[in-house]
1. Sort 302-310, 208-216 by the packing proxy (mean of other Cβ within 10 Å over each peptide's residues), most packed first.
2. Output the pairs from Lys276/Lys370; Lys40/Lys331; Lys18/Lys370; Lys18/Lys276; Lys40/Lys254; Lys331/Lys370 with a Cα-Cα distance over 27 Å in this structure; if there are none, say none.
3. Cα gyration tensor of segment 241-448, axes a ≥ b ≥ c as square roots of the eigenvalues: rounded (a/c below 1.5), prolate (a/b > b/c) or oblate?
4. Cβ neighbours within 10 Å, averaged per peptide: list 68-76, 135-143 in order, most packed at the top.
5. Can you give me the long-range amide H partners of Ser394? Hydrogens built in the peptide plane at 1.01 Å from N, cutoff under 5 Å, separation of 5 or more residues or another chain.
6. In deg cm²/dmol and to the nearest 500, what is the mean residue ellipticity at 222 nm of the chain if only DSSP H runs of at least 4 residues count, each as -39500 (n - 2.57), divided by the residue total?
7. So how do 53-65, 28-40 stack up, highest first, on mean other-Cβ count within 10 Å?
8. Give the residues of segment 303-335 whose amide nitrogen is closer than 17 Å to a point set 7 Å from the Cα of Thr346 in the direction of its Cβ.
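Just so you know, all these numbers are worked out from the coordinates, no wet-lab data involved. The structure displayed is predicted, hence computed values, not measured ones. Heads up, the Cβs are rebuilt from the backbone with ideal geometry, glycines too, and the neighbour counts pull from every protein chain shown.
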Amino acid sequence: MTTCPALLIAAPASGQGKTTVVSALARLHTRQGRKVRVFKCGPDFLDPIWHTLASGSPVYQVDLWMNGEADVRQRLAEAAQEADLILVEGVMGLFDGTPSAADLARRLGISVLAVIDAGSMAGTFGALAFGLQHYQPDLPWAGVLANRVASAGHAEMLRTSVRSPEQWLGAVMRNTAFTLPERHLGLTMATEVADAMARLDAAADALASTPLGQMSLADLQRWQVNFELPSDLPVSSDGSEAMDVAEGSALHGKTIAVARDAAFCFIYAANLDCLKQLGAELVFFSPLADAALPSCDAVWLPGGYPELHAPQLSANTAMRDALAHHVAQNKPVWAECGGMMALYDTLVTTDGERHAQWGLLPGTVSMQKKLAALGPQQLQAKAGTLRGHTFHYSTCATQLPAQRRTSRPHQAPSPEQGEALYQQGSIRASYFHAWFASSPAATAALFATTGEL
């Protein structure tokens, strides 16, 4: 039996401070010499970067649809074998989405800690906490933490509003010292914040004075969870595909060059693992700083922030030429979201500035001030169905026809909806972010073939 104390940290809505609390709790226990493993519910790239810094361990996504339940259970069970504490950050509001963070908590028996921004409320805090706990039956419940509290007096009003005193886990005061900076796609990456660790330590210090922060390892045992993989749950549950022996060598002998720097940073750790499990050797390069590609058989250009680095990308003509030579040799390129944006002729910023990009795909990408697309998506390929999501603020205008389109979960592809998959020569590109483990066979095809996917 694989057991470990675990909490799912959720909130009534986005923007309540979940990521700060999760990172603070992870940092607090890590400083005390405990092994903390953090997971993120939902397909988020940015929050895990902060959690990785706080915990010192890799952070993986656990999404019941994108991963499949078997994959989620397996990742948590493996973590429980080494961890003293498992933390799962929820996504959006507790009951938002299908499946939601609450669905994950109920399915796996993980108790929910609700973080509520109490900055503008008093007695209503208790009503909101009570509603979150009882809205759905049989929801495992740990308690409630008040965030962005104004004063000790304010905290006392909030505490007395909670019906069950044992569910009051404390108040965190409003303090800019541990505010995590944000921009249009979410939190600023921890690697770009010079005082990131100081902010996490300040947040951990603030949490240390709360009932939650003062709990010992023995106290945490009240939230013990059995993460053992049920014998009746197939590895391919919920549509995700198990990797068979043949697929495990599908990329054997192939070297994949992965772009990784400040402009291309949206990379699931699980995707790197999947490529290695398929037999690939991975090498990394920086399109911002490097003048040449590493020796490789295929290139992966992941998402990120090309719009923040457009002049530098435009100026690196040596990298542009290296990519063009790679494509001329008919070697595969998989470019998703930000990676695709940099391949177009031109990128237009929100203030109207135009920047020449690499010109390997015809067209123009224009940044928008509002979100252009968000949500889970799946891509049906010949070899299997890749699951993933889309999240972008830009739109593209191109003469390229869509080879195929993604669709929402449980829906058939439509020529009018979903994200387009474009193909020109050996380049495949889309706004779609793929979760590679959802179809190892389709993933292998992305990096080993250049025909129609």
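1. Put in order of decreasing packing, that is 302-310, 208-216.
2. Correct reply: Lys276/Lys370; Lys40/Lys331; Lys18/Lys276; Lys40/Lys254; Lys331/Lys370.
3. oblate
4. Packing proxy ranking, top to bottom: 68-76, 135-143.
5. Correct list: Gln368, Ala372.
6. When only DSSP H runs of four or more count, the value is -7500 deg cm²/dmol.
7. The most tightly packed comes first, giving 53-65, 28-40.
8. What the label zone holds, given the 17 Å backbone N cut-off, is 307, 310-311, 314-315.
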